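The next block holds one structure in the form of structure tokens; read it before the comments.
The values are calculated or read from the model by the stated rules, or taken from the named source; none is laboratory data. These figures come from a predicted structure and were not determined experimentally. We place every Cβ from the backbone using ideal geometry, glycine too, and count neighbours over all the protein chains shown. Only protein heavy atoms, including side chains, enter the accessible area calculation; ligands, DNA and RNA are left aside. Shrake-Rupley method; radii C 1.70, N 1.55, O 1.52, S 1.80 Å.
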Amino acid sequence: MGNNLVRAAICGTGSYLPENRLNNSDLEEMVETSDDWISSRTGIRSRRIAGAGEITSVLATRAARNALDASGIAADEIGLIIVATITASSAMPSCACRVQRDIGAGNAVAFDIGAACSGFVFALDMAEKYIRANPAIKALVIGAETLSNRVDWNDRNTCVLFGDGAGACVLAGADDGRGILAGRLYSDGSLGELLHLTPLAGSNPYLGDSPPAGAGVDFSLLGRGNGEGSYIKMAGREVFKNAVRAMEEVVEKVLADLGLSGDDIALLIPHQANIRILENLAGRLGGDPGKIYINVDKYGNTSAASIAIALDEAARGGRIKEGDLVMLCAFGGGFTWGAQVIRW
Ligand SMILES: CC(C)(COP(=O)(O)OP(=O)(O)OC[C@H]1O[C@@H](n2cnc3c(N)ncnc32)[C@H](O)[C@@H]1OP(=O)(O)O)[C@@H](O)C(=O)NCCC(=O)NCCS
């Protein structure tokens, strides 16, 4: 390593999508909805659903193996594994520890983080800080979800939106100008109830009975735990407004931190939740829709996996060239949000 600044550079990406496809026409048979409503409001046409035995760590492991193969780095060289997920099959052992076991990364520290749909960007930020502190560390950062287990399939407000999948990348120190140049993360717990998982029956509810004061939103829109499972509840319109505002703001702040304009960014890879949010962001980068990576039509919202999957597709599909500036941008439950700029 030379004397230049060491940054955390992405040296391989991978992803894994379950084979089962659930198309809008299938959902028409399940709840009162239509292909036209779903595709015009969200841009989603299909999503993948994990098959029997495909728990989150299985998807994560397959994505991780693909990323390791692409990087040329062996599993036993990995010193850190972070899995961003809200759908680990067990809190203990963590999804990351299951991945560590299954890929044979015996030298890695492994743990999960939860920042909902922003999880991958949060995990990248953490890995970047490890690598900046110790440039010899090689890290595996994974976003993996099986949201199909957390969707109430009778609730048309949410069941049309989500899908399963995993994406991963390998990071290593680089002193040649590549790597994560800057980023910002934010959280606002006062709005957490607008997008939440209901508590499991018998568990201590994460949310209080009274809405947080001063949030200025209609909490009666949301349900409570139904005593059976833990399901996603969402006040769609409120989440939509907050997501648009937060993502626009963080994109502009990170660009300003680096003295860049939207024109300098070769590709923006936002969290894939809704086509209308993505089109709105295109306006922030000079209005060129070709600069925004979009795959929400194929996979729906895969939460922490979405940016990781899109990054892998973009890298493998030749959408990113060496030296390009790539921007990641996320928004999710919590609320949580953030963005990063990476020199490829
Ligand atoms: C969910 C979302 C697509 C709904 O679109 P919208 O234009 O805001 O629609 P509304 O919530 O106002 O609902 C309009 C109507 O459609 C109905 N509707 C909801 N889901 C439906 C479905 N799948 N099919 C048909 N109708 C549906 C609603 O019941 C409502 O009917 P009503 O007016 O009779 O009450 C949109 O709000 C959204 O994308 N929000 C952000 C979601 C998101 O990104 N979440 C994750 C962030 S990480």
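Summary table below
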read-out: Region 7-176 - percent of accessible surface contributed by carbon and sulfur, probe 1.4 Å; value: 45
read-out: Of every Cα-Cα pair in region 7-176, the percent that sits beyond 27 Å; value: 30
read-out: Accessible heavy-atom area order of 253, 233, 321, highest first, probe of 1.4 Å; value: 321, 253, 233
read-out: Beta bridges by DSSP in the chain, antiparallel share as percent, to the nearest 5; value: 70
read-out: Viscosity 1.306 mPa s, temperature 10 °C, Stokes-Einstein D of the chain from Kirkwood C-alpha radius, µm²/s; value: 79
read-out: Cross-link table 253/321; 253/298; 138/298; 138/241, entries beyond 27 Å C-alpha to C-alpha; value: 253/298; 138/298; 138/241
read-out: Spin-label proximity, residue 26 to region 147-184 - amide N less than 20 Å from point 7 Å beyond Cα toward beta carbon; value: 147-167
read-out: Cα-projected label distance for residue 244 with residue 188, points at 7 Å along beta-carbon direction, nm; value: 1.5
read-out: Kirkwood Rh (inverse of mean 1/r, distinct Cα pairs), region 259-335, angstrom; value: 12.7
read-out: Difference of contour (0.36 nm per residue) and Cα-Cα distance, residue 155 to residue 321; value: 55.6 nm
read-out: The chain - percent relative contact order, Cα under 8 Å, separation 6 or more; value: 25
read-out: Separation between Cα centres of region 307-328 and region 1-59, rounded to whole Å; value: 16
read-out: Hits among aspartates and glutamates - C-alpha to C-alpha of residue 233 under 15 Å, sequence gap 8 or more where chains match; value: 152, 155, 193, 218
